[in-house]
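Some notes on the structure that comes next.
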Amino acid sequence: MYSTAEAVLEMIKPSALGQLIDDQYIADPDERRQRILPIIQAAIADGDGEIDGYLLGRYSTPLSPPPAMIVKISKDIAAYNVFSRIGIKDDGEEKNYLTRYQAAIKFLQMVAEGKVSLGPAGGSAGAGPAGDYRIKSNAKIFGRDQLEGM
């Protein structure tokens, strides 16, 4: 797993846990935690599968060790997956989870298209420092002194 249930749980407001656990109020924080952890772990597994699906064409998955950006994306997707169980309203408090999910997917699409690299060129996915990624652009077409193709 690219992220931990603990890290995802820290992203969720304690007041939202009741909604996520079948709308039951559970006064004991330890019991709430024990009820939500399996849900979060399943959400992480689903999200990590989604991440690997985008990365599979360019990297050997699962990434080990994962770059910091992938860990962040894993948490964002998992939190979204948890909240999507109860529905996310565009105008509700949960919109932040949807926005972060959409940004994560956009980043993963850029990686899949080769516009962003998770590590050094030619290296393994986890070879660079945590969080190392590069943006790839087209070759320079023109400069001050020249226009290519003109």
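Readers should treat all values here as calculations from the given coordinates under stated rules, not as data from a laboratory. Just so we're clear, the structure is a prediction, and the values are computed from it rather than from any experiment. Note: ideal-geometry Cβ built from the backbone for every residue, glycine included; neighbour counts use all protein chains shown.
Protection proxy ranking for 57-69, 35-47, using the average of other Cβ atoms within 10 Å per residue and placing the highest first: 35-47, 57-69.
Between SER117 and ARG134, ILE135, LYS136, the built amide H atoms are under 5 Å apart, and every one of these is 5 or more places off in sequence or on another chain.
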